[in-house]
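To start, the structure itself, in structure tokens.
Here, each number is a calculation from the coordinates, and none is a lab measurement. Note that this is a predicted model, so its numbers are computed, not measured. Cβ coordinates were reconstructed from backbone atoms using ideal geometry, including for glycine residues, and neighbour counts include every protein chain displayed.
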Amino acid sequence: MWAILSILVENKPGILFKVTHLFRSRNFNIDSISVGVTDNPDYSKMTITTYGDEKRIEQIVKQLDKMIDTIKVERLDEHKTVYRELSLFKIKLSNANDSMEVNKLVNAYGGKVHDVKKDSLMVELTATPDQIKAFEELAKPFGILDVARTGVAALQRSST
Amino acid sequence: MNKMEIMSGAKALMVAMEKEGVKQVFGLPGGANLPIYDEFARCDIRHILARHEQSASHMADGFGRVSRKPGVCFATSGPGATNILTGLATAQADSSPMIAVTGQVPVAMIGRDAFQESDIIGMSNPVVKYAFQPRTAGEIPEAVKKGFFIAESGRPGPVLIDIPKDVQTNKEPMDFPDEFKIRGYHPWADPDIVNVERAIEMLLHAEKPIILAGGGTIISSAFAELQSIAETLMLPVVTTFKGKGSFPENHPLSLGPIGMHGHAEANKMMTEADCVLAIGTRFSDRSVGTFEAFEKRLKIIHMDVDPAEIGKNQTAQIAVIGDVKVNLRVMVKLLLQRAIKKTDESPWVKHVKETKAYWKENLKIHPGEMGAAKILRKLREVLPKESIITTEVGQHQMWASLFYDVIQPGTFFSSTGLGTMGWGFPAAIGAKVARPDVPVVDIAGDGSFAMTENSLATAVLEDIPVIVFILNNSTLGMVAQWQRTFYDRRMIGVDQKSCPDYVKLAESYGAQGIRAQSMDELDKAIKTALSSDVATVIDIPIDPEEDVLPFVAPGTSLADMVLPS
């Protein structure tokens, strides 16, 4: 089971180390992680996605909650949450036709094209991890030269 | 508001410690904590010199467990700091309140691989409850205040305060706050009346209910509440090893510890029970055997101060989160209000008592005069009931669990979680500092005692007369037992060859050394030690082939207990 955890922490040095260390020492895996300061500079928000059965995820949440530097730990309901990841792909262009084909693909996924060169171009895609994966599969035949991904950022939708 | 006094970080540390009621510190000086040590010349806090930082940390741990106030240890940077890691991990594993203060290289030198620099904040992260590294002197008072609060509240644990040397010497106007806020820390929960009520119903409807009392019962000193509930509901009581002595072991309802080397009757009855009131326990593998087998046949009511323990190793049907003493009090009160008082012995309680009587008669023990059971029963017979026991780790520890009955609750302490050999003796020194009025005995084995035996210097020079009671089989006995059991008697690396001679060793430190080779000699030795005002080592040669039994092999369930044949 995939889970999105939203963790509000003290914005102090060493907290990222403590959180990731907790995952390692408790034998949990981090699938993706993104961190940024909140509107209140005292706090940072970490968004961590992870895999595990229900019991395991419950245990991760409790262990994170127990940490003194975590203010609030929430497991977000995927269906009531907006979650996105930013990804950058450098894609190979082998012939004149490729450029057009890649552009079509990028448009279909709502991406943007940057840094167009003769032999390659760069794509910026902000989407869910699943959509990024799907894009990656379709881009593979052209040749993916490099990828960088940010990890998921997520916010729960308001209830009203 | 008080006028803020200008003082150095080192001085502020000592003032803050005094405000927390610290009377003594166990430690060792070095280059990076000299400014702190210099303050001992100008304050009333006693310094107790250890001969190794690990021992200093165990002394603080022993003090903390007995007094339920954080014990304090000091160490210098680098190797001084790394030497206390084992002490921190031991305290963390057993939820013991402790404050460790380490020196650090000056702020500007951090990260430059300076002489005696170690990243103790990074290294200690998984084995402390929290760590502070004040970067300015002015941060020290609040770090100390918060540190003590974190160490002793909720589920207690060790807190590290790592202070760079220039932060110790810098002078600043100091504010010693009475109030502070830790936004992400909520150690208290309200009494959970609803779930306690549900727990009572579940216990009343169970056919074979039992209490499993863990270390949390001792930490929160819920002895009276536990006893009242056991007697009111006629519930047999087993304990974990860490919970040993949370319930008087001479009580008719007491069955003693369960687990790998649990009492036969305790493991048997735990296996037969259908409902357990588990108090302050984390269901360690050493206590319950395989997790799946344990929970399969049981309804579990789990009371614990740490929400993360609920569901970690065992699935509870009812969880009662909060200080166990608070919630047990609620239970006592509700039982009283509802006028519930069982007087008839149920078939279950009758069966429990018969089983207990059977094993009292029939558990086979070593036939020799100086078998472990006889030695420990002799110790129990001679020691006053308020005596405090610490143990080392190994066969002697498990024999102590089996054959030394704790009568006064909260007088038995051991490194149960991390299983740290060498813990018992320095911890006994710490315990004796906390309770100088009662005898303190470290039940030891020769292998474990060897690891921190140089604490004899501390015991003698600081006038802390503890008793070290060595069951000496000249072997790393528990390892030898596993080699006999699981490795076809290939005995590798376990023979200590009677080296050193512990009587002479004790004497060389100025302590008293007595060898006891018969029950008469043992009786005299214990009495001599009790009436001496100097630390005493009693060396008791025993059979190196004696095994600890019963035994639940790792990876098996309590039902698979191997009995002595």
- prompt: Based solely on its DSSP helices, what 222 nm [θ] is calculated for chain B when runs of n ≥ 4 H residues each add -39,500 (n - 2.57) and the sum is averaged over all residues, nearest 500 deg cm²/dmol?
  reply: -11000 deg cm²/dmol
query: Do the alpha carbons of any pairs in B:208/B:356; B:356/B:524; A:12/B:145; B:146/B:333 sit beyond 24 Å of each other, and which pairs?
result: B:356/B:524; B:146/B:333
field: Efficiency of FRET from Cβ geometry, residue A:108 and residue A:157, R₀ 35 Å, rounded to 0.05
entry: 0.85
- prompt: Counting every Cα pair in the stretch B:364-558, what percent are over 29 Å apart?
  reply: 16 percent
task: Would you kindly state how much longer the chain becomes between residue B:350 and residue B:183 on full extension, computed as 0.36 nm times their sequence separation minus their alpha carbon distance, in nm to one decimal?
output: 55.0 nm
- prompt: Once phi is turned into θ = phi - 60°, what whole-Hz ³J(HN,Hα) does the Karplus curve with 6.51, -1.76 and 1.60 give for every residue of the stretch B:63-69, x standing for Gly and Pro?
  reply: 4, x, 5, 6, 8, 6, 10
- prompt: Each label point is 7 Å from the Cα along the Cα-to-Cβ direction; what then is the distance between the points at residue B:385 and residue A:42, in nm?
  reply: 5.2 nm
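Expressed as a rounded percentage, what relative contact order does the stretch B:292-358 have, with Cα pairs under 8 Å and six or more residues apart? Can you show the working numbers first?
On the way: 42 pairs, mean separation 15.7, N = 67.
Relative contact order of the stretch B:292-358: 23 percent.
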message: Only sites in a loop by DSSP and with at most 16 other Cβ atoms within 10 Å count here; which GluC sites (Glu not before Pro) in the stretch B:478-548 make the cut?
response: B:545
The stretch A:2-76 - Rg (one decimal) and Dmax (whole number), Cα, Å: 11.4, 34
Chain B: angle of helix B:519-531 to the longest principal axis, Cα-based, in degrees nearest 10: 40 degrees
Distance violations [Cα-Cα > 24 Å] among B:350/B:374; B:244/B:385; B:19/B:325; B:242/B:268; A:66/B:325; B:374/B:527: B:350/B:374; B:19/B:325
message: Run the reach check for residue B:432 against aspartates and glutamates, Cα to Cα strictly under 13 Å, same-chain hits fewer than 8 apart removed. What comes back?
response: B:61, B:386, B:442, B:462, B:463, B:533
- line: the stretch B:5-174: Kirkwood hydrodynamic radius (Cα pairs, Å) comes out at 15.2 Å
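May I ask you to derive the relative contact order of chain B, considering only C-alpha pairs under 8 Å and at least 6 residues apart, and to give it as an integer percent? Could the numbers behind the result be given before it?
On the way: 1305 pairs, mean separation 77.8, N = 565.
Taking the mean separation of contacting Cα pairs over the length of chain B, I get 14 percent.
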task: Could you state the angle between the C-alpha long axis of helix A:54-66 and the longest principal axis of the C-alpha atoms of chain A, as a value from 0 to 90 degrees rounded to the nearest 10?
output: 60 degrees
- request: Within the stretch B:486-548, report the chymotrypsin sites (Phe, Trp or Tyr not before Pro) that DSSP leaves as loop and that have at most 10 other Cβ atoms within 10 Å.
  value: none
task: Report the far tail of the P(r) of the protein assembly as shown, meaning the percent of Cα-Cα pairs longer than 36 Å.
output: 50 percent
task: State, to one decimal in nm, how far the label point of residue B:197 lies from the label point of residue A:27, with both points 7 Å from Cα in the Cβ direction.
output: 4.0 nm
field: Per-pair calculated FRET efficiency, R0 = 22 Å: residue B:543 and residue B:507 via Cβ, rounded to 0.05
entry: 0.30
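Please tell me the relative contact order of the stretch B:156-302 in percent, rounded to the nearest whole number, where contacts are Cα pairs under 8 Å and at least six residues apart. All intermediate terms of the calculation are to be shown ahead of the outcome.
Working: 191 pairs, mean separation 33.2, N = 147.
Computed value for the stretch B:156-302: 23 percent relative contact order.
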query: What aspartates and glutamates sit close enough to residue A:90 to cross-link, taking a C-alpha to C-alpha distance under 12 Å and skipping anything fewer than 8 places away on the same chain?
result: A:115, A:119, A:124, A:136, A:146
- prompt: Which of A:149, A:84, A:24 moves the most in a Gaussian network model of chain A with Cα springs under 10 Å?
  reply: A:24
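Which whole-number percent of Cα pairs in chain B have a distance greater than 43 Å? Display every interim value, and only then the final one.
Numbers: 33268 of 159330 pairs.
Every Cα pair in chain B considered, those over 43 Å come to 21 percent.
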- line: Per residue, the convex hull enclosing the alpha carbons of the stretch B:55-107 has a volume in Å³ of 65 Å³
